[in-house]
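Take a look at the structure below.
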Amino acid sequence: MQNLWLIPAFPLAGFLINGTIGRKLPKFAVAFIAIFCVMFSFAWTLKVYAATQSFITPVTEHYFTWIQSGQFRVGWDFTADRLTAVMLFVVTGIGSLIHIYSRGYMDHDESFARFFAYMNLFMAFMLTLVLAANYLLLFIGWEGVGLSSYLLIGFWYKKKSATDAGNKAFIVNRIGDFGFMLAMLLIVINFGTLDIATVTAAAPGKAAVTLTAICLLLLVGACGKSAQFPLYVWLPDAMEGPTPVSALIHAATMVTAGIYVIARSSNLFSHSATASEVVAYVGLFTAIFAASIGLLQNDIKKIFAYSTVSQLGYMFVGLGVGAYSASVYHLMTHAFFKALLFLGAGSVIHACSGEQDIRRMGGLRGKLPITFATILCAGLAISGIPPFSGFFSKDAILIAAYHHAPWMFWIGVVTAGMTAFYVFRAIFVTFFGTYRGDAHPHESPLTMTVPLVILGILSAVGGFIAIPKYLDPIFPAGEEGHAMGLVVVSVAAGIIGILIAGVMYLGRPRKESAPGPLYNLVYHKYYVDEAYNAAIVHPLIVTSRSVLWKLVDNAIIDGMVDGAAAQTRNAGNLLRKLQSGSIRSYAAWIVVGSVVLILAMGLTGAGR
Amino acid sequence: MSAPAGVPLTWFLVLSAVLFSLGIAGFLLRRNIITVFMSIELMLNAVNLTFITFSYQLKSNSGHLFAFFVMVVAAAEAAVGLAIILTVYKNRGTLNIDEVESLKN
């Protein structure tokens with residue numbers, strides 16, 4: 001017994017403590033409880049890792065039976081294999097760093113305890129998600145992280161835009177969740193169980209069309225959670241939340257849940273070529289689509305948000321072409337450098353007193369040296385420059401894509417160039433030139449810079465953690481073959497992207513040229529939000545107002561309820577006349593009643 | 001034992017009904033509380049007469065028992081009722097039942 005349940009239980013305890021009595025505790029106690037609980041999860045993961053010889057065989061633990069209905073059984077079971085281990089280390093490790101960072105970042109916030117309570121709640125659900133041994137338990141974690149995400153996006157609930165963004169994230173995720181639920185129903189019907197190990201073991205014997213349906217529905221769920229086209233729209237808006245939230249939930253961990261589910265169900269996907277192909281297409285399109293939007297954004301967090309969408313697209317490509325371990329590899333390195341980019345952005349925003357527009361920054365290199373150095377590491381990593389971490393994982397995906405279909409590789413390379421361009425555009429505009437804002441930028445406190453430095457080191461050398469080799473027992477490696485030419489091409493794309501950004505944004509300020517129609521199209525994010533509003537949201541609101549509200553609710557439902565009330569009142573008015581309060585009239589009624597009764601008995605002969 | 005000669009059962013019952021109806025009429029029509037109170041006593045005793053008649057006719061003690069119960073209740077009622085009437089008169093200075101109607105409204 002490795003007591004895996006302790007891993008999510010501790011953050012849950014932290015949530016309960018900070019959520020109930022946190023407001024009365026001093027700040028250091030709140031932060032200590034929250035950080036300690038997450039670090040404990042990390043430590044316990046390490047302990048289990050050591051005790052099981054790096055999860056060489058999966059650890060499965062049964063705690064209690066949750067649902068029992070005939071043959072169908074769902075237990076509260078946790079399982080941990082090497083894939084889980086990678087997720088556990090990423091979630092608890094980066095989670096710990098971001099919790100420490102939040103201590104400094106949220107210092108001046110009045111809802112300090114609420115913030116840490118939600119963060120711990122998120123950790124508890126995320127760890128439940130990755131440890132779950134069956135789809136239903138996984139779904140609890142899945143919904144739970146959605147809930148925490150909603151709570152944290154709308155954390156500053158006095159801001160209308162923040163609550164709107166929270167609602168949007170929740171509602172868009174519901175669409176994905178619906179797909180996930182249908183997938184679970186199909187699994188129950190076809191496999192008779194929700195146990196992931198049993199399902200994946202039984203997958204080869206099932207009809208291809210069944211597997212494809214299940215996989216496509218799982219993909220819908222994954223698209224919602226991992227912000228893939230067409231359900232990615234919530235993620236850029238989710239940047240309304242505090243920056244540590246964007247780093248932890250909307251860059252490093254929660255958005256990788258979709259990747260995790262597909263990787264976890266890899267046996268289903270590898271038996272359905274159609275579904276895998278769709279996964280790859282969705283990922284590829286999302287990657288280049290989001291990267292192109294990222295090119296022209298001016299809000300530093302929005303740039304990184306679109307970058308996240310794009311990088312998640314990369315991971316989907318990896319999953320689609322069967323390079324599961326490469327995807328998980330990229331998931332991990334992306335967690336390092338994207339969390340770092342967001343935390344760095346948070347440090348910059350903190351320094352500039354809440355300013356997020358890169359046009360109102362500039363020249364921060366000298367004022368925020370640590371932030372600059374670490375963000376540069378992350379930038380080089382995401383651009384795929386060797387030997388930074390992103391290089392290894394991105395190339396693993398691109399090479400696998402090349403072996404699957406060369407054109408996918410070329411689109412991936414173009415995306416890589418665009419990625420390098422927009423990240424370095426943000427870095428150059430923010431850190432070089434002269435300062436254009438009115439705040440007095442200052443370096444962040446130690447609680448914020450220490451996590452930055454640790455993540456900086458991980459972004460630089462994290463690629464040497466040989467994830468594909470570690471995951472070999474779970475995802476048998478396909479053809480590896482380090483194609484030197486392909487590597488050179490993708491690295492060149494990254495370098496060219498950086499150089500173009502340098503030419504355009506370093507040195508003298510760029511003249512404003514009149515924007516062309518293509519520029520406008522991209523600048524307005526291809527009008528996707530507007531299209532969704534016109535096609536779905538607006539008709540829905542209009543129908544709700546005219547039909548559901550005015551007709552169904554006001555006329556029919558209210559009519560019935562009000563009608564029942566009115567009839568009751570009328571009847572009451574009538575009966576009320578009897579209750580005159582005069583004893584004599586009561587007596588008279590009694591007499592009348594008795595006479596009627598006696599007459600009736602006499603007439604019907606009941607008395608005889 | 002048989003019924004007293006020449007007085008059939010029906011007479012007792014008719015007398016009882018007449019007394020009861022008089023009681024009702026008095027209760028409904030009179031204004032003075034004491035008269036109303038006496039009407040109630042009249043009705044109770046009309047019922048007692050019926051009980052005794054049937055008890056005598058059927059050679060059963062139950063009717064007697066009931067009659068005694070009713071008498072006890074009537075005695076208690078007389079005690080409480082007269083006390084209430086006295087208090088009402090002391091407080092309101094009237095015995096007109098139509099003026100004692102605080103239950104109304």
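Shape of chain B from its Cα gyration tensor (a ≥ b ≥ c, root eigenvalues): rounded if a/c is under 1.5, otherwise prolate when a/b > b/c, or oblate? Intermediate values should be presented prior to the final figure.
Details: a/c = 3.81, a/b = 2.23, b/c = 1.71.
Taking the square roots of the gyration eigenvalues as a ≥ b ≥ c, chain B is prolate.
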Angle in degrees between helix A:208-225 and the longest Cα principal axis of chain A, rounded to the nearest 10: 90 degrees
Expected 222 nm ellipticity per residue - DSSP helices of 4 or more, -39500 (n - 2.57), all of chain A, to 500: -22500 deg cm²/dmol
Stokes-Einstein diffusion coefficient of the range A:408-450, Kirkwood radius over Cα pairs, 37 °C, 0.692 mPa s, in µm²/s: 246 µm²/s
Flagged links, alpha-carbon separation over 28 Å, of A:27/A:158; A:158/A:225; A:168/A:206: A:168/A:206
Chain A: angle of helix A:406-431 to the longest principal axis, Cα-based, in degrees nearest 10: 90 degrees
Relative contact order of chain B, pairs being alpha-carbon contacts under 8 Å that are 6 or more residues apart, as %: 26 percent
For a label point 7 Å along the Cα-to-beta-carbon line of residue B:65, residues of the range B:25-58 with backbone N under 14 Å: B:55
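Let me know the volume per residue of the alpha-carbon convex hull for the protein assembly as shown, in Å³.
Details: hull volume 215.7 nm³, N = 713.
Given the Cα convex hull of the protein assembly as shown, per-residue volume reads 303 Å³.
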For the range A:267-376, radius of gyration divided by Kirkwood radius, i.e. Rg to Rh on alpha-carbons: 1.11
Amide H partners (placed H, <5 Å) of residue A:192, local residues excluded: none
Projected label distance in nm at residue A:453 and residue A:273, using a 7 Å step from Cα toward the beta-carbon: 5.4 nm
Scattering profile of the range A:200-325 at q = 0.11, 0.18 Å⁻¹ [log10 I(q)/I(0), Debye over alpha-carbon scatterers]: -0.37, -0.85
In degrees, nearest ten, helix A:300-320 long axis to first principal axis of chain A (Cα): 90 degrees
For the range A:456-472, Karplus couplings with θ = phi - 60° (6.51, -1.76, 1.60), whole Hz, Gly/Pro x: x, 5, 4, 5, 6, 10, x, x, 7, 6, 7, 4, x, 5, 5, 8, 3
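Rounded to whole Å and sorted largest first, what semi-axes of the equivalent ellipsoid does the C-alpha gyration tensor of the range A:1-264 yield via the square root of 5 times each eigenvalue?
Details: eigenvalues 193, 106, 43 Å².
Working through the eigenvalues yields semi-axes of 31, 23, 15 Å.
Stokes-Einstein D for the range A:272-523 at 37 °C, 0.692 mPa s, Kirkwood Rh over Cα pairs, in µm²/s? Can you show the working numbers first?
Details: Rh = 18.4 Å.
Translational D for this selection: 179 µm²/s.
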Chain A: relative contact order in percent, alpha carbon pairs under 8 Å with at least 6 residues between: 12 percent
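Under the √(5λ) rule applied to the eigenvalues of the Cα gyration tensor, what semi-axes describe the equivalent ellipsoid of the range A:536-577? Give them in Å, descending. Present the calculation step by step, with values, prior to reporting the outcome.
Working: eigenvalues 257, 5, 4 Å².
Over the Cα atoms of the range A:536-577, the semi-axes work out to 36, 5, 5 Å.
Every number in this text was worked out from the coordinates using simple rules, so none of it is lab data. Note that the structure is predicted; figures quoted are calculated from it, not measured. Reconstructed Cβ throughout: ideal geometry from the backbone, glycine too, with neighbour counts over all protein chains shown.
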